[in-house]
1. Calculate how many DSSP beta bridges within the chain are antiparallel, expressed in % of all such bridges and rounded to the nearest 5.
2. When only Cα pairs under 8 Å and 6 or more residues apart are kept, what is the percent relative contact order across the range 74-181?
3. Modelled label-to-label distance, LEU62 and VAL251, 7 Å Cα→beta-carbon offset: nm?
4. Calculate, in nm to one decimal, what TRP111 and ASP140 gain on full extension: separation in residues at 0.36 nm each, minus their alpha carbon distance.
5. For ASP224, list long-range residues whose amide hydrogen, built 1.01 Å from N in the peptide plane, is under 5 Å from its own amide hydrogen.
6. Extension gain THR41-GLN208, at 0.36 nm per residue separation less the Cα-Cα distance, in nm?
7. What is the gain in length, in nm to one decimal, between GLU185 and ARG266 on full extension, counting 0.36 nm per residue of separation less the C-alpha to C-alpha distance?
8. Can you work out the PRE-style zone for ASP148? Point 7 Å along Cα to Cβ, and I want the residues of the range 160-195 with backbone N under 13 Å.
Amino acid sequence: MELTVLGCCSGMPAGGEASSGYLVRGGGTSVLLDCGPGIATALGALGGPAPLGAVVISHLHLDHCYDLLPLGKTLLTMVLDYPGGPPRAAGAPDPLPLYLPHGCADLLRRWAALFPVPTLPQLDRAFDLAFDVREYRPGDTARIGALDLELHELRHGAPNCGTRITDGAATLAYTGDTGVTPALEDLARDVDLFVAECSLDRTDTGPQGHLSGADAGRAATSADARELLLTHWTSDDPAWRAARRDDARAVYGGPVHAAHAGWTDRVGALTRL
């Protein structure tokens, strides 16, 4: 199993890096975890959405879901014919499974309707034709090819689930956005790679729900995670990111890495692009 960071910024893209998006490949398939601004472009550089087995959205904040609409339109345009345009593949692709927190599907359909294309109305139906929308609840599981997924409820200002993925040989866990919560230990227990948000330089005691570097390190320690990848940066300053990595290293004895666009981990055997 392999993880590639497509984007790692909190909020909007910055410093040439996209917002949240992580490509997991293994077991003959691939899963996209979150799809923030800039992720559709980053994914296009790796072959586009056609090879995906599923998309999983941790929560419906814009920096984690904004590029779902262009991704869906990309899937539709792969088979729609334009006069004078390039030839298209015969037939429509199977809709791509899209896992969303319960209650979010109608919101996305209303969003798509804000940008009508009267001359090609199929493009208005990304969340009906391009995606197979599946709303999940905390505790749900899914199987995508040979990958097994578990959704773990965490603490954030919007309903958010972290995702735990295993291919039977290796396991990774991704937080989405979360504050400090005992549920992090269940999400990351004994994983080979713990992908943890690291938005702050100190513990968040308010309602928003984010982690500091030290918070992520303590969670990795309590869960016995083998490696820690810090992400969801609120600054593109390398010194700021290095300081958060040092904060994590002060409380966690395993390898700690700072995410950047293109960073790749063959889960259990570190590699770099």
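Taken together, the values in this text are just the output of simple stated rules run on the coordinates, not laboratory data. Model, not experiment: these values are computed from the prediction. Note that we place each Cβ from the backbone using ideal geometry, even for glycine, and neighbour counts take in every protein chain shown.
1. 55
2. Averaging sequence separation for qualifying contacts and normalising by length gives 19 percent for the range 74-181.
3. In this crude spin-label approximation the distance works out to 3.1 nm.
4. Full extension from TRP111 to ASP140 adds 7.8 nm.
5. Correct list: ASP190.
6. 57.3 nm
7. Separation in residues times 0.36 nm, less the Cα-Cα distance, equals 26.9 nm.
8. It comes to 164-172, nothing else.
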